[in-house]
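I have a structure here, written as structure tokens, and I will follow up with some questions on it.
The values are calculated or read from the model by the stated rules, or taken from the named source; none is laboratory data. Computed from a predicted structure; not experimentally measured. Because the Cβ atoms are built from the backbone with ideal geometry, glycine has one as well, and the counts that use them run over all protein chains shown.
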Amino acid sequence: MEYKLGFIGAGHMGGALIQAAAKKLKGNQIIISDKDGSKAEELARALGCEAGSSDRLTAESQYIIIGVKPQNIAELFEELAQTLKSYRRRKVFVTMAAGVKISRIWELAGERVPVIRIMPNTPVAVGEGCILYTYDGGVTSEEIAGFLNSMEYAGKFIEMSEELIDAGCAISGCGPAFVYQFIMALAEAGEKCGLPREIAMLLAEQTAMGSAKLAIDSGEDPSILCDHVCSPGGSTIEGVKVLRSGEFNKIVSAAVAASFRRTVELGNS
């Protein structure tokens, strides 16, 4: 039997992608493997798909989606070495390991296998993910289309060159944590102004979501949207002045730069 998608790794990110795939594909088109076998079996039962060993998954899947940590990817390919030597049907490897380049996958696989490199973020869990992707010349247009179609409920896929994907990941992959920090800061500030915590958190969360949607739907530059909120002599401009005097943009830039450096380090380790 051949499965459409085989997922190696059912952690937070892998599990979210599996759930997105299950909204599009039938259960018998998906197989899951994880070092924690009970985790894979539990998720497979919940979604009506299959669970199995990484060897079986590799042998029987059209797309092999690797969801292990960068530091564990070499060990995974060592475990799969015999299976990789013996299979005959064409496979497409999909890697989401931060910093791990396509050339590294070729090195580990021992040949120039077709590779799609993706960098998803946690909002794939609610179908609003930002998934960066790139691929090597050995992947056909039909294979790309087939993968993107299977994962359409994960969110928005954005193609970019491999040279840019690590920098992109520092925004989209790490960015949710930065946004959550800002949401928490807004809510805590609301509490200090006298709001109950639950209400302050709800206001902060809805405001963040609505502001992002307005930026996307309107197509306006965020600086223009900021000006729309800041009436001269009003309340908002006073708060914006504080953010600017505290070098808010510099702090965010430093956070992104630190995440980018670490992504590159992981890929080189």
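Cβ-Cβ distance below 8 Å, separation of 6 or more or different chains: which pairs start in region 139-165 with a residue that is on the phi > 0 side of the Ramachandran plot and end on one that is of a type outside the set (D, E, K, R) and part of a helix (DSSP H, G or I)?
Sorted first by the residue in region 139-165, then by its partner, the pairs are G155/A20; G155/P123; G155/V124.
Among the helices (runs of 4 or more DSSP H) lying completely within region 161-269, list those that include at least 1 residues that are β-branched (V, I, T) and within 24 Å of the chain's Cα centre (by Cα).
Of the helices (runs of 4 or more DSSP H) lying wholly inside region 161-269, those with at least 1 residues that are β-branched (V, I, T) and within 24 Å of the chain's Cα centre (by Cα) span 162-172, 175-192, 197-218, 248-268.
Look through A177, A145, A154, A170 and report the one residue that is under 30 Å from K213 (Cβ atoms) and touching a Ser or Thr at 6+ places or on another chain (Cβ under 6 Å).
Details: A177 fails: touching a Ser or Thr at 6+ places or on another chain (Cβ under 6 Å); A145 fails: touching a Ser or Thr at 6+ places or on another chain (Cβ under 6 Å); A154 fails: touching a Ser or Thr at 6+ places or on another chain (Cβ under 6 Å).
The conditions single out A170.
Can you tell me which of R197, R261 is at pLDDT 95 or above, out of contact with any Phe, Trp or Tyr (no Cβ under 8 Å at 6 or more places or on another chain), among the basic types (K, R) and surrounded by 11 or more Cβ atoms within 10 Å (Cβ to Cβ)? Can you show your working first?
Values: R261 fails: at pLDDT 95 or above.
Answer to the selection: R197.
Still on this structure: Residue check, A212 against (1) within 30 Å of E75 (Cβ to Cβ); (2) without any contact (Cβ under 8 Å) to a residue 60 or more places away in the chain, all met but one. Which one?
Looking at each condition in turn, A212 falls short on (1).
Go through region 1-39 and count every residue that is part of a loop (DSSP other than H, G, I, E, B) and either surrounded by fewer than 14 Cβ atoms within 10 Å (Cβ to Cβ) or touching a Cys at 6+ places or on another chain (Cβ under 7 Å) (or both).
Of the residues in region 1-39, 5 are part of a loop (DSSP other than H, G, I, E, B) and either surrounded by fewer than 14 Cβ atoms within 10 Å (Cβ to Cβ) or touching a Cys at 6+ places or on another chain (Cβ under 7 Å) (or both).
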